[in-house]
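The values are calculated or read from the model by the stated rules, or taken from the named source; none is laboratory data. Computed from a predicted model, the values in this text were never measured in an experiment. A quick note on method: Cβ atoms are made from the backbone with ideal geometry, for glycine too, and the neighbour counts reach across all protein chains shown.
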Amino acid sequence: MKFVYLLFAKLFLVFALVFTETHSFAQVSPDDESDAIAYSKKYKDDDVLCISANRLFTFDKGENPLGDKVVEIEEASEYEFISLKKYSAFTFTEYYNQFIKIKNFKKTLKYGNRLVVSDKNGIDRSVTDDGIFFDDSRVRYFPIRFNNQGAIAKINVKKTYTDGKYLTTLYFNDDYPINEQVIEFKVPDWLSVDFKQMNFEGKNIDVQEKKKGGYTTYLFILKNTAAYKSEYKRIGRAFTDAHIIVQIKSFESKGETLKGFDKVDDVYAWNNRLYLMAKNDKTKLQPLVTKLTQNKANDSEKIKAIYYWVQDNIRYIAYEDGYSGYIPSTTQDVVTKKYGDCKGMANLLTEMLKLAGYDAHFTWIGTRSIPYPQTLPAMCVNNHAICSINFGGKTYFLDGTENYVPFGENAFRIQGKEVMIANGNTFEIKKVPTTEAKDNLVSTKADFILTENGLKGKARVILTGNQRTEFQQSYQTLPSTSKKEYLNDYLEFGNDNMVAANIKTSDLNNRDIPVTIEGDVDLSNTVNNISGSKYVGIDFFPKSLDRLLPDEKRVEGYDLNDVLQFDDEISLTIPAGKKFIDKPDDLELKTDGYTFTGKYILAGNKITLSKTLAIKKNIIAKADILAWAKFIENIKEFNKYFLSITNK
């Protein structure tokens, strides 16, 4: 997860270089210009179109660095691009690492009817920043700038996947629209391979199969593919976009049938083999485990002591380096260096708990960004590692990379996901429990009093579940000079006219209890005086929901990455000689995924706003976007109401 965020940051920097290299297309053929005009009517929102993308995959036999016979895959691809406008620019990228070798990377420019091959091989960069974590992923790219409508550029790529099990997903869409894409696999008879069709429904993908001369050719043809559009909290593309999962099942070599990933048992055998290659020296851990667990009252406290020590003292740093990136760092390395990736931290946590006498196991999991079950025999199923522990008749899931998560709770990104639990030569598949909206609560209680001198009161916010954890993860990483301001902002609800003071909190060093923040709040700047009457608003709309209002160009649904509930009880007391003129109608909105209730209760010279907003499902499907937008707009309208106060 953290790797993905850093990757996007780096890509932004890469794309900023798009204008460092320009190409002048002084001549454009009349046919190309005519084609561009026609295409521009079809792809109105795009500057550049990929006219054709042809990707051919062939298979051969090879050997990996571990001495295993493996299937190598060669990819030969050609892409043709056309500028739909007079001025346009894009960057063509290819990623590679120790499993993927780029053998050829060429750009061809068209001048009139003449094709000129560039002598440049593209710009090569590391995908991630050195010094933050070690990663062998690199990118090679061509920045291209067109200055004529109908200008043409072609890109040719040849790559080798040195171990076919690590070529998993192939997507049809890209950052640019594609008029026609052909993905072709030429499979020899000695190879058993499956091409799993994911999200093909409604995409009109033409699938063909042909046998000839010891080969079976599989063709997947898709036309008129829209550009992939990055959107705020968009549902992960693995859930929505058409793609192929390549599953190398087995192959023949010198009369012997060699296994690939035919069954989930094959995936476990491979994962466990790499896991066991970590040569842990457990003796170096024993003094630390003893120190952490001594004088603890019970087993639960001992487990917490170990779990929280890993959270607090081992820094997460991702590590990707060929096969080494799939082998956990040894426990002694992680403890000594005080950092590790998810595998290294899971390995350390597992071994420390084992030394303390508990039934702990190394565990593989795919986070919620991945839709595949553990029963799918492919490397794309898992992207994370944690520790499982059987304790008190239950299985608990411990993620050392998630700071401030209490024992017994789980970060939302792994909730509901299947895990593969290592147990020697066998394994178990279990599921991480989920939480409901009410388990992740933001409870606000505020009491305000209106006087001639202003509007003041006290407010208290209580956070539970993931809302508490997310607060802790933000607050605890702040410099001490910024923590007071952060707490004040929390009680001011994002309202620039509110001023919080005298803040008190619960014990923020105890991650096991709810977070409580309370203090004095001055709302005097929100009071409007008009013609002898006062107008006051006491409803505070969560600012985080503003960004979840879709515009008319929204392409895909939302993944809110959480389920949560807001409970508000806000009262306003006015002087005895004053009265409330009116109050808004109650509002109740109910769907399967989200609900809202809001009402003002009047009792004498006191009015109380009681409000509950529950987000019960994290996914807002594309088909539900309009209903979701109406839901948010109705809440905002209810929120805008100003109470009218006048003399009796």
Within the range 447-466, identify whether any single residue is surrounded by 15 or more Cβ atoms within 10 Å (Cβ to Cβ) and either under 30 Å from Ala269 (Cβ atoms) or within 21 Å of the chain's Cα centre (by Cα) (or both), and answer yes or no.
yes
So the strands (runs of 3 or more DSSP E) completely within the range 183-225 holding 2 or more residues that are under 28 Å from the mean Cα position of the chain (by Cα), among the hydrophobic types (A, V, I, L, M, F, W, C) and within 19 Å of Leu376 (Cβ to Cβ) are 191-198
Tell me the strands (runs of 3 or more DSSP E) entirely within the range 74-118 that contain at least 1 residues that are more than 24 Å from Val187 (Cβ to Cβ) and modelled with pLDDT of 95 or more.
88-96, 100-111
State whether the residues of the range 622-637 include one that is under 17 Å from Ala446 (Cβ atoms) and of a type outside the set (Phe, Trp, Tyr).
no
Filtering the range 512-549 down to residues that are assigned to a strand (DSSP E or B) and either without any contact (Cβ under 8 Å) to a residue 24 or more places away in the chain or among the basic types (Lys, Arg) (or both) yields Asn529, Ile530, Lys534
So which residues in the range 241-277 are over 26 Å from Val187 (Cβ atoms) and surrounded by fewer than 19 Cβ atoms within 10 Å (Cβ to Cβ)?
Arg273, Leu274, Leu276, Met277
I'd like to know if the range 298-307 contains one or more residues that are outside any helix (DSSP H, G or I), free of Cβ contacts under 8 Å to residues at least 12 places away in the same chain and either assigned by TED's automatic domain parsing to the domain that holds Tyr161 or under 30 Å from Thr336 (Cα atoms) (or both).
yes
Of the residues in the range 433-446, those that are under 17 Å from Leu487 (Cβ atoms) and either surrounded by fewer than 16 Cβ atoms within 10 Å (Cβ to Cβ) or outside the structural domain of Phe540 (by TED's automatic domain parsing) (or both) number 1
Selected residue (only one of Phe8, Phe57, Phe25 is surrounded by 12 or more Cβ atoms within 10 Å (Cβ to Cβ), modelled with pLDDT under 50 and either in a strand (DSSP E or B) or assigned by TED's automatic domain parsing to the domain that holds Thr225 (or both)):
Phe25
When you scan the range 572-590, do you find a residue that is in a strand (DSSP E or B) and closer than 30 Å to Asp175 by Cα, even just one?
no
Matching entry among Gly408, Gly454 (being of a type in the set (Gly, Ala, Ser), on the phi > 0 side of the Ramachandran plot and in the same structural domain as Ile503 (by TED's automatic domain parsing)):
Gly454
Given the conditions (1) touching a Ser or Thr at 6+ places or on another chain (Cβ under 6 Å); (2) modelled with pLDDT of 95 or more, every one holds for Leu455 apart from (2)
Conditions (1) at pLDDT below 95; (2) surrounded by fewer than 18 Cβ atoms within 10 Å (Cβ to Cβ); (3) not in a helix (DSSP H, G or I) -> Thr481 fails only (3)
Is there any pair with a first residue in the range 632-648 that is touching a residue at least 12 places away in the same chain (Cβ under 8 Å) and in a helix (DSSP H, G or I) and a second that is surrounded by 14 or more Cβ atoms within 10 Å (Cβ to Cβ) and not aliphatic (A, V, I, L, M) whose Cβ atoms are under 6 Å apart and which are 6 or more apart or on different chains, and what are they?
Ile635/Phe596; Lys636/Phe541; Phe638/Gly598; Asn639/Asp539; Asn639/Phe541
Taking the range 606-637 only, how many residues are at pLDDT 95 or above and under 17 Å from Tyr535 (Cβ atoms)?
2
Kindly indicate whether Lys534 is exposed (fewer than 12 other Cβ atoms within 10 Å of the Cβ), of a type in the set (D, E, K, R) and in contact with a strand residue (DSSP E or B) (Cβ under 6 Å, 6 or more places away or on another chain).
no
Restricting to the range 321-351, count the residues that are outside any helix (DSSP H, G or I), surrounded by 20 or more Cβ atoms within 10 Å (Cβ to Cβ) and modelled with pLDDT of 90 or more.
5
